[in-house]
Amino acid sequence: MTKGKLIAIEGIDGAGKSTIIKKLIELLNFHGYTAVCHQEPGTTEMGLALRQLIKSDIPRSKLTETLMFEASRADTSELVLSHELEQYDYVIMDRYIDSTIAYQGYGNQNSIKTISVLNDIAIGENKPYMRILIDVDMETAYGRRNKREQTIDSKDKFDYDYEFAKRVYDGYQILVANGELISVPNTNINETLQQLLYLICDK
Ligand code: TYD
């Protein structure tokens, strides 16, 4: 029997997701909950291999790229989430289905309908309990990203195309407007964490 809740945390590049998720896990532990976090793509061995391919310069069609993200997700869902949702109170996903809608759908202008179908196939029964957008404006995110050390892995080819980044940003806002994602502004980290805790476990 599943006891855990799957929480998906989303955001544009530079939204501050990773720092927030790390602190959120500490706070959940402090309140007595067990919690674990995974990053997409890259949770499983296959996911990591796919991540390297995705981040490489090897040419690929738009659909191929979408399917690579979905393949990584299917691997995570079947090999990790099914098991961990029985063990932990909370499994936090650093990016999940809405990333593919925002980046490959709105960003890369693939069919949102097709991606939704692929998302459903990839996650199977592991549907999120809550989908949250760490909401920052593009200028704030851009400033944060520039401060980051640019390792090969942190360099996203997506990062440098303003038009693409704007479509992704707008895509996330559409998902919020549709009531699919809950927006949590990241203006002050403590307030953001308080709001997340309240949403996730009523603390
Ligand atoms: P990553 O270094 O993990 O960035 P972040 O810390 O912002 O999550 O790189 C993941 C990149 O892959 C990021 O630019 C978003 C993109 N991505 C997609 O385009 N589609 C997806 O389905 C997922 C999960 C990520």
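The values are calculated or read from the model by the stated rules, or taken from the named source; none is laboratory data. Everything numeric here is computed off the predicted structure, so don't read it as measured data. Please note: Cβ atoms are built from the backbone with ideal geometry, for glycine as well, and neighbour counts cover all protein chains shown. Keep in mind that these areas ignore ligands, DNA and RNA; they rest on the heavy atoms of the full protein, side chains included. Shrake-Rupley method; radii C 1.70, N 1.55, O 1.52, S 1.80 Å.
The table below lists the values:
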{"item": "Single residue of MET46, MET93 found to be more than 15 Å from the chain's Cα centre (by Cα) and not polar (S, T, N, Q)", "result": "MET46"}
{"item": "Near pairs, Cβ below 7 angstrom, 6+ apart or cross-chain, from the range 22-43 (modelled with pLDDT of 95 or more) to any residue that is more than 12 Å from the ligand (Cβ to nearest atom) and of a type in the set (D, E, K, R)", "result": "HIS31/LYS203; TYR33/ASP89; THR34/ASP89; ALA35/ASP89; VAL36/GLU84"}
{"item": "Scope the range 170-192; condition in a helix (DSSP H, G or I) and open to solvent by 20 Å² or more (accessible area, probe 1.4 Å); matching residues", "result": "ASP170, GLN173, ILE174, VAL176, ALA177, ILE189, ASN190, GLU191"}
{"item": "Criterion (closer than 24 Å to LEU79 by Cα, open to solvent by less than 20 Å² (accessible area, probe 1.4 Å) and out of contact with any Leu (no Cβ under 7 Å at 6 or more places or on another chain)) met by exactly one of ASN126, ASN119", "result": "ASN119"}
{"item": "Subset of the range 141-163 that is part of a helix (DSSP H, G or I) and at pLDDT below 70 - its residue that is least open to solvent (accessible area, probe 1.4 Å)", "result": "ASP159"}
{"item": "Output for the range 39-97, where each listed residue is under 17 Å from ARG131 (Cβ atoms), aromatic (Phe, Trp, Tyr) and not in a helix (DSSP H, G or I)", "result": "TYR90, TYR96"}
{"item": "Residue match in the range 27-38 (condition: more than 10 Å from the ligand (Cβ to nearest atom), crowded, with 17+ Cβ neighbours inside 10 Å and part of a helix (DSSP H, G or I))", "result": "yes"}
{"item": "Matching entry among THR76, THR64 (being free of Cβ contacts under 8 Å to residues at least 40 places away in the same chain, buried (at least 17 other Cβ atoms within 10 Å of the Cβ) and within 23 Å of ILE12 (Cα to Cα))", "result": "THR76"}
{"item": "Some residue of the range 86-94 being open to solvent by 20 Å² or more (accessible area, probe 1.4 Å) and hydrophobic (A, V, I, L, M, F, W, C)", "result": "no"}
{"item": "Hits in the range 164-195 (condition: in contact with a Phe, Trp or Tyr (Cβ under 8 Å, 6 or more places away or on another chain) and either more than 24 Å from ILE25 (Cβ to Cβ) or at pLDDT below 95 (or both))", "result": "PHE164, ALA165, ARG167, VAL168, ASP170, GLY171, ILE174"}
